[in-house]
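Working notes, structure below.
The values are calculated or read from the model by the stated rules, or taken from the named source; none is laboratory data. Because the structure is a prediction, the values reported are computed rather than measured. All Cβ positions, even for glycine, are placed from backbone atoms using ideal geometry, and neighbour counts span all protein chains on display.
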Amino acid sequence: MKTYIPVIGLEIHAELKTKTKMFCGCLNDPNETRPNINICPVCMGHPGTLPVANKAAIEQMIKIGMAVGGEIPATSKFDRKNYFYPDIPKGYQITQYDVPFVFGGNLKGVQLTRVHLEEDTASSIHQKDATGNEVSLIDFNRAGVPLMELVTEPCIREVKQIGEFGRELQLLLRYLGVSDADMEKGQMRVEVNLSLGTIVDGELKFGTKVEVKNIGSFNMAERAAEYEIKRQREILEKGGVIDQETRGWNDPGQKTVSQRKKESSHDYRYFPEPDIPPIDLAKFDLRKLKAELPELPAQKRVRFADEYGLTAGQVEVLVFDRPLAGYFEEVVSELKTEVDESRVASREWKKMVQLAVNYLTSDLKGLMISAGIDDPAKTKVTAENLADLIILAADDKIGSRVAKDVLKKMFESGGDPNVIIKEQGLEQVSDEALLIPVCQQLIDANPGPAADFKEGKEAALQFFIGRAMGALKGKGNPAVLQKLFRELLTK
């Protein structure tokens, strides 16, 4: 039996975040709900109209190319791709064919073929009319919106790489500020090209490529690829032939369905766009655009691990949530201003940093999700006050349970944690004279666990500490409680 190897390439479109459309002055507003509002004779393809290229969109493409390490050519041009669909008002699409703005590049270990710029199509809406008949409507608000298309080499071999690459690209576009890349809003779309290859004379020979569209998420893309691998393998193992075609992903049925035979490039009759002259990229300030690039996700991962000693998991959580990462660094900066330099160089500092990560990614993030807030800077918890709370916890002036309660209060009403703790009497109790009666009472009330401890069962000690913390409403000092219970239980 032959061994079949998945050969996968991706085509990913993302709408660029510009003020106006690609070739006209209409607003590029993805949040517009009224149909056919942001349209004009240019984007509707009226005879006699002339397109003018959007400079901001081209600059965004250059930044994308720089971020992925691609080659920016000296000149580029636009081309016409001719095909007749209801969502193409001109009967052709202005796109790029042989001289895109970006050649090559690499992202997440996946080699890129090209990144080019084109105009988006209109939106098709399928619904029932007043009489119950199925109708298709066209909303041209999206027609002409600048659209980036990134094409990878067919170098992906594992299905899980599809999601990994897609999420990394989505993150990169958001860091660059060139696209929100929201798949739920159709701002980012994925197409999977897949064939099954075989080893012939020591080399991988590609099979017949099938393109899969109608994919609404990276998880769907992976499931579509898994289905296609299974479908194509079954056909080949029965001696059948794979048709080169475009298939659509049917999510309810969890399968792909045939849509049309796959076109080749000559079917589109590409030719240079006669109404737009070639783009001289030497006229763009490439040095300035390079300087405007932010710290990219891959760079941030390395720095966060080196500078803060975070685990790979902690780094990923912060890098994938840029507002949270920025807020984390604000908190750390506040900590540095509030503690002695000697403590920054000690083990205590690592404890404070870990507390900052934990409170942000767990406690504060949970409160934000419940309140529908996407940025910690929009909450009532200031970076300065969170740093104060972390210092209190690190210095064992409050326990973890109290710290969580105080953080919740800060989230609800704002304020200095020191004031909240004092007003509500939440200071940690470390006075042995106050704790000994509580400990003795618990020992007397629980002879079984007391006997277990005396027999060498350490778990019994944690039982008593837990009960004491409950009785003290989380205000007891765990280290002092542990010391006292050991002393009292060994008498």
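Where residues in segment 125-162 are modelled with pLDDT under 95 and of a type in the set (D, E), which of them is nearest to I12 (Cα to Cα)? The selected residue is E134.
Yes or no, residue by residue, for (1) in a helix (DSSP H, G or I); (2) closer than 30 Å to K90 by Cβ:
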| position | (1), (2) |
| --- | --- |
| M220 | yes, no |
| K230 | yes, no |
| I235 | yes, no |
| W249 | no, yes |
| P252 | no, no |
| S258 | no, yes |
| D267 | yes, yes |
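Restricting attention to segment 321-335 and to residues that are assigned to a helix (DSSP H, G or I) and of a type in the set (D, E, K, R), the residue that is nearest to L173 (Cα to Cα) turns out to be R322. What about A356, is it within 25 Å of the chain's Cα centre (by Cα), modelled with pLDDT of 95 or more and crowded, with 16+ Cβ neighbours inside 10 Å? For A356, the condition - within 25 Å of the chain's Cα centre (by Cα), modelled with pLDDT of 95 or more and crowded, with 16+ Cβ neighbours inside 10 Å - is met. Scanning segment 328-351 for residues that are over 15 Å from D388 (Cβ atoms) and modelled with pLDDT of 90 or more returns F328, E329, W349, K350, K351. Among the criteria (1) of a type outside the set (A, V, I, L, M, F, W, C); (2) outside any loop (DSSP other than H, G, I, E, B); (3) in the same structural domain as D340 (by TED's automatic domain parsing), the one P437 does not fulfil is (3). Restricting Y92, Y85 to residues that are over 31 Å from the mean Cα position of the chain (by Cα), assigned by TED's automatic domain parsing to the domain that holds S179 and surrounded by 15 or more Cβ atoms within 10 Å (Cβ to Cβ) narrows the list to Y92.
When segment 456-491 is filtered for residues that are under 15 Å from L434 (Cα atoms), basic (K, R) and part of a helix (DSSP H, G or I), only K483 remains.
Kindly establish whether G448 is in a loop (DSSP other than H, G, I, E, B), surrounded by fewer than 16 Cβ atoms within 10 Å (Cβ to Cβ) and free of Cβ contacts under 8 Å to residues at least 40 places away in the same chain. No: the conditions fail for G448. Number of residues in segment 375-407 that are in contact with a Gly (Cβ under 6 Å, 6 or more places away or on another chain) and part of a helix (DSSP H, G or I) equals 2.
Candidates G253, G248: the one that is in contact with a strand residue (DSSP E or B) (Cβ under 9 Å, 6 or more places away or on another chain) and free of Cβ contacts under 8 Å to residues at least 60 places away in the same chain is G248.
Taking D120, is it charged (D, E, K, R) and touching a strand residue (DSSP E or B) at 6+ places or on another chain (Cβ under 6 Å)? So D120 fits the description; yes.
Among the listed residues N36, N28, N54, which satisfies the condition of being surrounded by 21 or more Cβ atoms within 10 Å (Cβ to Cβ), more than 25 Å from T113 (Cβ to Cβ) and among the polar types (S, T, N, Q)? The unique qualifying residue is N28.
Can you give me the number of residues within segment 62-103 that are in contact with a His (Cβ under 8 Å, 6 or more places away or on another chain) and among the hydrophobic types (A, V, I, L, M, F, W, C)? The total comes to 2.
In segment 416-463, what residues are in contact with an Asp or Glu (Cβ under 8 Å, 6 or more places away or on another chain) and at pLDDT 85 or above? Listed by number, the residues that qualify are D416, P417, N418, I421.
Being of a type in the set (D, E, K, R) and within 23 Å of E164 (Cβ to Cβ) is the filter here; which residues of segment 4-29 pass it?
First pass over segment 4-29, keeping only residues of a type in the set (D, E, K, R): 11, 15, 17, 19, 21, 29.
Within segment 4-29, E11, E15 meet the criteria.
Of the residues making up segment 245-264, those that are of a type outside the set (D, E) and either in contact with a Cys (Cβ under 9 Å, 6 or more places away or on another chain) or surrounded by 15 or more Cβ atoms within 10 Å (Cβ to Cβ) (or both) are T246, R247, G248, W249, K255, T256, K262. Please verify whether Y308 is under 22 Å from M22 (Cα atoms) and either of a type outside the set (D, E) or at pLDDT below 95 (or both), treating the condition exactly as stated. Criteria not met by Y308. In segment 372-394, of all residues being surrounded by fewer than 13 Cβ atoms within 10 Å (Cβ to Cβ) and out of contact with any helix residue (DSSP H, G or I) (no Cβ under 8 Å at 6 or more places or on another chain), the one that is nearest to W349 (Cα to Cα) corresponds to K378.
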